[in-house]
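The values are calculated or read from the model by the stated rules, or taken from the named source; none is laboratory data. These numbers come from a predicted model, not from an experiment. Cβ atoms come from the backbone with ideal geometry, glycine included; neighbour counts cover every protein chain shown. SASA here: full protein model, heavy atoms, side chains in, ligands and nucleic acids out. Shrake-Rupley method; radii C 1.70, N 1.55, O 1.52, S 1.80 Å.
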Amino acid sequence: MSAPNKSYDPVEVEALKPEEIERLRDEAFAAFAAAGDLDALAQAKTAHTGGTSPLSLANREIGALPPQAKAEAGKRVGQARGAVSKALAARQAELEAERDARVLVEEAVDVTLPYDRVPAGARHPLTTIMERVADVFVAMGYEIAEGPEVEAEWFNFDALNFVPDHPARQMQDTFFVQGTTPDGKVTEGDESGVVLRTHTSPVQARSLLERKPPVYVVCPGRVYRTDELDATHTPVFHQIELLAVDEGLTMADLKGTLDHMVQALFGPDMKTRLRPNFFPFTEPSAEMDMVCYVCRGESVGNPDRPCRTCGSEGWIELGGCGMVNPKVLTACGVDPRKYSGFAFGFGIERMLMFRHNVEDMRDMVEGDVRFTRPFGMEI
Ligand code: PHE
């Protein structure tokens with residue numbers, strides 16, 4: 001029977017010699033310290049603590065030792081492995097903290113930076129003011145009506161009782177559209193019978209032909225006249241037209257509607273006045289003025305307080321109006337013995353000018369955002 005080999009010294013097993021274990025441990029320490037980032041540390045971990053690392057292999061040798069030698073070798077290797085995994089954990093924590101600190105700096109989000117550097121677009125002040133005016137009437141039950149900008153001369157002039165030689169029909173006032181006759185000839189001058197509408201009033205005629213009375217419509221739109229662009233003229237501008245046709249409408253209804261409009265747009269104490277005028281499509285016709293909304297009439301006869309907006313007149317001219325001429329009703333198939341109506345129309349550019357102190361009409365057409373921005377970003 002063989003007795004245990006008492007003289008066997010585990011130190012004699014090469015891999016388990018204390019110096020060797022220390023060397024392996026120190027090698028692991030050095031590798032961890034040299035690992036500059038978590039990836040490098042993961043590699044060092046595999047190399048020094050993995051199943052085939054020298055310390056693991058040494059650990060396996062212990063099993064082959066006689067019992068009394070196992071304890072001592074186990075303690076030595078166990079201590080070395082414990083120290084290695086502690087060093088690993090410490091280095092791991094160190095590198096993670098370094099990474100976290102770096103990420104915090106590198107990936108920091110500056111919540112105070114503007115989140116949206118592309119400015120939002122906005123509608124032009126001409127559009128918003130035109131819609132604001134239309135809204136006043138929509139709230140009263142009026143309907144929005146629209147017509148073409150390239151219009152038949154008949155709608156623009158004839159239906160509205162313009163006599164054939166009315167000066168407005170001439171080429172120096174009106175853009176005639178060139179056309180082609182059925183036999184292929186290109187029209188010249190005013191031959192085509194087609195114009196760029198010079199006012200929104202043709203929509204009156206169109207609305208009456210399309211609807212049965214009572215008719216209550218408001219017609220915003222673009223109109224054209226052969227004016228050169230300057231501080232107070234533009235060949236393309238905007239008007240808003242109103243037409244009411246019903247039984248028993250009178251000039252008092254027109255006046256009440258105008259007063260309501262200026263109060264809704266400019267304030268509760270506003271009012272309008274009418275001055276006699278002539279339009280072929282209204283009879284009687286009037287020029288309508290509103291109280292100057294800047295000085296409210298206080299500049300009149302008061303040289304100490306001159307008003308630039310109304311020229312110290314106390315009134316601002318708005319546009320034209322009147323009772324619909326019975327000839328227009330007849331031309332549009334409405335019986336003037338049964339129905340009467342009123343209409344008015346005015347320029348939006350002019351309203352923008354005096355409402356916002358715009359001195360030069362060119363600012364409105366040039367599309368420069370430095371002009372439009374102060375009107376806000378209404379969309
Ligand atoms: N159409 C006229 C203009 O352009 C204005 C107007 C409209 C006058 C309606 C009377 C009634 O000057």
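Counting only residues 5 or more places away or on other chains, whose amide H sits under 5 Å from the amide H of V194 once H atoms are built in the peptide plane?
Close amide H contacts, sequence-distant or interchain: E153, V177.
What is the sum of charges, Lys and Arg at +1 and Asp and Glu at -1, for the other residues whose Cβ falls under 13 Å from the Cβ of A42?
0
Cα axis of helix 251-266 to longest principal axis of the chain: angle in degrees, 0 to 90, nearest 10?
30 degrees
Considering the chain as a Gaussian network with a 10 Å cut-off on Cα pairs, which listed residue, G333, G256, G50, attains the greatest mean-square fluctuation?
Looking only at G333, G256, G50, the largest GNM fluctuation is found for G50.
Using a probe of 1.4 angstrom, how much of the accessible area of region 125-375 is carbon and sulfur, in percent?
Roughly 51 percent of what the probe reaches on region 125-375 is carbon or sulfur.
Taking C-beta distances below 4.7 angstrom as the pairing criterion, name the unpartnered cysteines of the chain, in sequence order.
Cysteines of the chain left without a disulfide-compatible partner: C219, C321, C332.
How large is the dipole of the chain about the Cα centre if only Lys and Arg carry +1 and Asp and Glu carry -1, each at its Cβ, rounded to the nearest 20 debye?
Rounded to the nearest 20 debye, it is 1380 debye.
Tell me, how many Å apart are the Cα centres for region 57-73 and for region 233-279?
110 Å
With a 1.4 Å probe and every protein chain left in place, work out the accessible area per residue of the chain in Å², rounded to a whole number.
For the chain, the solvent-accessible area averages 55 Å² per residue.
What list of ³J(HN,Hα) couplings, whole Hz, do you get for region 126-139 from phi and the Karplus terms 6.51, -1.76, 1.60, once you set θ to phi - 60° and write x for glycine and proline?
4, 5, 5, 5, 5, 6, 5, 5, 4, 4, 4, 7, 4, 5
Distances longer than 25 Å among the Cα atoms of the chain: what percent of all pairs is that?
Counting every Cα pair in the chain, those more than 25 Å apart make up 70 percent.
Taking amide hydrogens as modeled 1.01 Å from N in the peptide plane, which residues meet the under 5 Å criterion relative to F346, leaving out close sequence neighbours?
I240
From the Cα gyration tensor of region 183-269, with a ≥ b ≥ c the square roots of its eigenvalues, which class applies: rounded if a/c is under 1.5, or else prolate if a/b is larger than b/c, or else oblate?
Verdict is oblate for region 183-269.
Given the -39500 (n - 2.57) contribution per DSSP H run of 4+ residues, what per-residue ellipticity at 222 nm results for the chain, rounded to the nearest 500 deg cm²/dmol?
Mean residue ellipticity at 222 nm (helix-derived): -12000 deg cm²/dmol.
Pull out a ≥ b ≥ c, the square roots of the eigenvalues of the alpha-carbon gyration tensor of region 10-106, then state rounded if a/c is under 1.5, prolate if not and a/b is larger than b/c, and oblate in the remaining case.
Taking the square roots of the gyration eigenvalues as a ≥ b ≥ c, region 10-106 is prolate.
Using the basic label-point model (7 angstrom from Cα toward the beta carbon), what is the V369 to T250 distance in nanometres?
5.4 nm
When the Karplus curve 6.51 cos²θ - 1.76 cosθ + 1.60 is applied with θ = phi - 60°, which whole-Hz ³J(HN,Hα) does each residue of region 356-373 get, with x for Gly and Pro?
For region 356-373, the Karplus curve yields 10, 6, 7, 9, 10, 4, 4, 4, 6, 9, 7, x, 7, 5, 5, 7, 7, 4 Hz.
Given a 1.4 Å probe and every protein chain left where it sits, what share in percent of the accessible area of region 10-106 is carbon and sulfur?
With neighbouring chains kept in place, the figure for region 10-106 is 55 percent.
In straight Cα distance, which aspartates and glutamates are under 12 Å from K17, not counting same-chain residues fewer than 8 positions off?
Reachable aspartates and glutamates: D9, E61, E72.
Enumerate the aspartates and glutamates that K255 could reach by cross-link, defined here as Cα to Cα under 14 Å, with residues fewer than 8 away along the same chain left out.
Of all the aspartates and glutamates, those that pass the test against K255 - Cα under 14 Å, at least 8 places apart if same chain - are E287, D289.
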